[in-house]
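S.K.: Dumping the structure here so I can ask a few things about it.
The values are calculated or read from the model by the stated rules, or taken from the named source; none is laboratory data. Everything numeric in this text was worked out from a predicted model, so none of it was measured. Note that each Cβ is placed from the backbone with ideal geometry, even for glycine, and that neighbours are counted across all protein chains shown.
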Amino acid sequence: MSSMLILFFAEILLCCAHSAGDSVPKLLLVSFDGFRADYLETYKLPHLQEFIENGVLVKEVRNTFITKTFPNHYTIVTGLYEESHGIVANDMYDADAKKNFSQFNDSDPFWWNDAVPIWVTNQQQGKGASAAAMWPGSDVKINNTTPHFFMKYNFSVKFEERVERIVEWLNSSDPVVNFAVLYWEEPDASGHKYGPRDTQNMQRVLEEVDKHVGFLMNKLKASGLWDTVNVIITSDHGMASCSAEKLIVLDECLGRNNYTLIDRTPVAAVLPRQNKEDVYNLLKNCNSHMKVYLKEEIPDRFHYRHHKRIQPIILVADEGWTIVQNESLSKLGDHGYDNALPSMHPFLAARGPAFRRGYSHGSLANVDIYPMMCHVLGLAPRPHNGTFANAKCLLADQWCISVPEAIGIVIGVFMVLSTFTCIIIISKNRVAPSRPFARLQLQSDDDDPLIG
Ligand SMILES: [Zn+2]
């Protein structure tokens, strides 16, 4: 009898635990590296279109400067500008620690610890466990924590394998995984190789990316997650065409012994070895297709000044131009340029119970993605540079009003008030005939002398 009772209560407990797990909102964040916003219009991508039709689309995401991979992926998961999260380039040098960072040497937590990514906050706030497949930084012990499940970065691991692991983790009941990130290297790698104008090759590459979206959707459907999981598909930056005719050759302007080149192109980070002003003046007169800034002169709009890893002189090439020392050019596409350029912008699409259906939005800053994800997961966001209100229109549980709608409502209210005012004035005029009657009577009295 007692064993039956124990079994009964154990079943109730299991059932409650299971339903609690089921009720936790789940979110999967996916990045296809270098997916330029207008690829969506240029190429036929049926799986992605199907995904978008049932959810929301942000046609253009304003990313952060510099428009490179590591900095923007960290911005998406922290909501911080690069000067605030500290991943200010794909190649960095820290003068205090005398350390170097590159995409092949990125696992020292030192570089990442200025910020706390959402997968750490999610676990710290006890909402559930996080899982990661190759998102930049997700295999690093940031704030002493990695996602509960993660894969060590290895570019040769196929997309299908990454998805299978992620889906398996999202189905885990012990612990319940409510947040996952997934990263894929295309269409960035081919965008560099062929350039975004090579529509024949890029069509093939994007069809492959679209098949990956289809594979992901089918896996989520087959595992029973499709109706409950929220999925965001986005990217870190776009891609611009570059060519061997548009080279800025630094060797023609100053000797290499004057400086160390920390980051290369199209935003070059220069650490002067000699007098900073001299190096600056030589660079300033070097090429009209490159802007040269002392660190303290970097425009405010870049939000790229207040970090010790931003070097004393920054060179920013015009769109399509490449900064070299004297090397030849081995690529036809690049990114990293001014983040105001539409060619640098990616897109964002999202679907699931947290998102509206069939809604299209003009643009959103990528710092706004973080507070939106925190809202979906029920997390208290850490300090960030985003604005939750900017993402409200994408969410099913938020009241959202666009500027034309607001103008329409103001005009409508004005018309209703005007109509009421007119009705009141007219009805008042109709009810006030007593005085004219009195005057008429007086007038008839006054008529007497005339009659007489
Ligand atoms: Zn990238």
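S.K.: Phe51: modelled with pLDDT of 95 or more, buried (at least 22 other Cβ atoms within 10 Å of the Cβ) and either outside the structural domain of Arg264 (by TED's automatic domain parsing) or within 19 Å of Thr228 (Cβ to Cβ) (or both), yes or no?
M.R.: no
S.K.: Kindly list the number of the only condition in (1) under 12 Å from the mean Cα position of the chain (by Cα); (2) within 14 Å of the ligand (Cβ to nearest atom); (3) of a type in the set (Val, Ile, Thr) that fails for Thr78.
M.R.: Among (1) under 12 Å from the mean Cα position of the chain (by Cα); (2) within 14 Å of the ligand (Cβ to nearest atom); (3) of a type in the set (Val, Ile, Thr), Thr78 violates only (2).
S.K.: Would region 210-219 turn up any residue that is closer than 30 Å to Leu329 by Cα, in the same structural domain as Lys158 (by TED's automatic domain parsing), out of contact with any helix residue (DSSP H, G or I) (no Cβ under 6 Å at 6 or more places or on another chain) and touching a residue at least 40 places away in the same chain (Cβ under 8 Å)?
M.R.: Checked against the condition, which is being closer than 30 Å to Leu329 by Cα, in the same structural domain as Lys158 (by TED's automatic domain parsing), out of contact with any helix residue (DSSP H, G or I) (no Cβ under 6 Å at 6 or more places or on another chain) and touching a residue at least 40 places away in the same chain (Cβ under 8 Å), region 210-219 yields no hits at all.
S.K.: Same structure again: So Ser330 ticks every box in (1) under 25 Å from Leu254 (Cα atoms); (2) of a type outside the set (A, V, I, L, M, F, W, C); (3) away from the ligand (no atom under 16 Å from the Cβ); (4) at pLDDT 95 or above but one. Which box is left unticked?
M.R.: Against the list (1) under 25 Å from Leu254 (Cα atoms); (2) of a type outside the set (A, V, I, L, M, F, W, C); (3) away from the ligand (no atom under 16 Å from the Cβ); (4) at pLDDT 95 or above, Ser330 comes up short only on (4).
S.K.: Then there's this: Name the residue that is nearest to Pro381 (Cα to Cα), counting only residues in region 29-53 that are charged (D, E, K, R) and within 16 Å of the ligand (Cβ to nearest atom).
M.R.: Filtering first and then ranking leaves Asp33.
S.K.: Hey, another quick one. Are any of the residues in region 54-72 more than 16 Å from the ligand (Cβ to nearest atom) and in a helix (DSSP H, G or I)?
M.R.: no
Listed here are the residues, each with its yes/no results for (1) at pLDDT 95 or above; (2) assigned to a loop (DSSP other than H, G, I, E, B); (3) more than 24 Å from Ala37 (Cβ to Cβ); (4) of a type in the set (A, V, I, L, M).
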site	(1), (2), (3), (4)
Trp135	yes, yes, no, no
Val140	yes, yes, yes, yes
Pro147	yes, yes, yes, no
Val157	yes, yes, yes, yes
Glu161	yes, no, yes, no
Glu168	yes, no, yes, no
Glu186	yes, yes, no, no
Ala189	yes, no, no, yes
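S.K.: Given the criteria buried (at least 19 other Cβ atoms within 10 Å of the Cβ), in contact with a Ser or Thr (Cβ under 9 Å, 6 or more places away or on another chain), under 21 Å from Thr121 (Cβ atoms) and among the polar types (S, T, N, Q), does Asn339 qualify?
M.R.: Taking the combined requirement at face value, the residue does not satisfy it.
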